[in-house]
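The values are calculated or read from the model by the stated rules, or taken from the named source; none is laboratory data. Nothing here was measured: the structure is a model prediction, and the numbers come from that model. Note that we place each Cβ from the backbone using ideal geometry, even for glycine, and neighbour counts take in every protein chain shown.
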Amino acid sequence: MKVDAILPAGGRISGRFAREAGAEIKALIAFGGQTVLEGTVAGLRGSGQVGRIVVIGPEEVGAHPGAGGADAVLPEGGRSGPANIFRGLEWLYEANGGRHAARVLIAATDLPFLTAEAIKGFLDACPCESDICLPVVRREEFEGRFPNHTIPYVRLRDGQWMIGCAFLVNPVAIIRSRALIEGVFAARKNHLAMARLLGLSFIVRFLVRRLTVSQVERRGLEIIGCSGGAIRGCLPELVFDIDRPKDYRYAARHCCA
């Protein structure tokens, strides 16, 4: 069964980084004559498992030819990630005759190495009954695919992990938990607010590396009131995003090699 996809494309960079990358919108950074957005749409189509594709982004994205492969390009409803994702879900609901799809793929648009194989492998591994699935990759797997490059990882008792930039969701479940999800998103960069959400004992166990991936996913799902979890064994292409100048430079050297 095919799933529809939402591509938030509002991520921005500025200053020297934007001048070096040649774009202020990360989705419009080009490698080898193709924007990351174009590569993402091509990967989704090439997987054979994606139906409608909705892009949400600023005016520059909608006006760019690279957005032409999508079924719809919607304007941002502010710069909140969750708000734009819910806007995409509303469009898909209307396009589907007033019904929510069983599940929808949400993928970042700053993944320069994304492939159809990576997308298909992730989707195939997601349990049918889960409300939310996200890929996780071991540090060793990432560095094996992208040698001499590191990105932030999480140290847990059962290894060092990186979270991918794609999610498979049950629209009904996450709409039901919208307020909780927006609260988690708003707290993600505020240590005090995040500690209140997670609980002091959880934070202490995290700091002393007593937690496993399973314990972290269980606590996260408890907070937002959904089922699901982390999908192990995914390809590292789902993790490599362009957050820093060093990410862009590495991709520029290797993306089209």
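When Gly10 is tested against (1) modelled with pLDDT of 95 or more; (2) of a type in the set (Gly, Ala, Ser); (3) part of a loop (DSSP other than H, G, I, E, B), just one condition goes unmet, and that condition is (1). One residue is enough: does the range 16-36 have a residue meeting the conditions over 19 Å from the mean Cα position of the chain (by Cα) and closer than 30 Å to Cys128 by Cα? There is no residue in the range 16-36 that is over 19 Å from the mean Cα position of the chain (by Cα) and closer than 30 Å to Cys128 by Cα. Only one of the numbered conditions (1) surrounded by 22 or more Cβ atoms within 10 Å (Cβ to Cβ); (2) farther than 26 Å from Asn84 by Cα is violated by Thr150, and that is (1). Applying a threshold of 9 Å to beta carbon distances and a minimum spacing of six or more residues, or different chains, the list of pairs starting in the range 93-106 at a residue that is under 25 Å from Leu134 (Cβ atoms) and ending at one that is assigned to a loop (DSSP other than H, G, I, E, B) and small (Gly, Ala, Ser) reads Tyr93/Ala101; Arg103/Ser130.
Each row is one residue, and each column tells you yes or no for (1) in contact with a Leu (Cβ under 8 Å, 6 or more places away or on another chain); (2) more than 18 Å from Ile56 (Cβ to Cβ); (3) not basic (Lys, Arg).
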| site | (1), (2), (3) |
| --- | --- |
| Tyr93 | no, no, yes |
| Asp110 | no, no, yes |
| Leu114 | yes, no, yes |
| Phe122 | yes, yes, yes |
| Cys126 | yes, yes, yes |
| Glu129 | no, yes, yes |
| Pro135 | yes, yes, yes |
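Taking the criterion of being under 15 Å from Asp241 (Cα atoms) and assigned to a strand (DSSP E or B), the residues of the range 17-42 that qualify are Ile25, Ala30, Phe31, Thr35.
Considered as a group, the residues in the range 175-215 that are hydrophobic (A, V, I, L, M, F, W, C) and touching a strand residue (DSSP E or B) at 6+ places or on another chain (Cβ under 7 Å) include one that is modelled with the highest pLDDT, and that residue is Val213.
Please go through the range 48-60 and give me each residue that is in a helix (DSSP H, G or I) and touching a Pro at 6+ places or on another chain (Cβ under 9 Å), ordered by number.
Hit for the range 48-60 is Glu59, nothing else.
Reported count of residues in the range 235-250, each being closer than 15 Å to Ala18 by Cβ and surrounded by 17 or more Cβ atoms within 10 Å (Cβ to Cβ), is 3.
Please verify whether Arg45 is touching a helix residue (DSSP H, G or I) at 6+ places or on another chain (Cβ under 9 Å), assigned to a loop (DSSP other than H, G, I, E, B) and among the basic types (Lys, Arg), treating the condition exactly as stated.
Details: touching a helix residue (DSSP H, G or I) at 6+ places or on another chain (Cβ under 9 Å): yes; assigned to a loop (DSSP other than H, G, I, E, B): no; among the basic types (Lys, Arg): yes.
When the stated conditions are applied, Arg45 does not pass them.
Picking from residues in the range 154-173 that are β-branched (Val, Ile, Thr) and under 16 Å from Glu217 (Cα atoms), the one that is modelled with the highest pLDDT is Val169. Looking across the range 22-37, the residues that are surrounded by fewer than 22 Cβ atoms within 10 Å (Cβ to Cβ) and at negative phi come down to Ala23, Glu24, Ala30, Phe31, Gln34. At least 1 residues being at positive phi and touching a helix residue (DSSP H, G or I) at 6+ places or on another chain (Cβ under 8 Å) is the threshold, and among the strands (runs of 3 or more DSSP E) wholly inside the range 120-190 those reaching it are 159-163.
One residue alone among Arg79, Arg87, Arg99 is at pLDDT below 95, within 24 Å of Gly183 (Cβ to Cβ), among the charged types (D, E, K, R) and in a loop (DSSP other than H, G, I, E, B), and that residue is Arg79.
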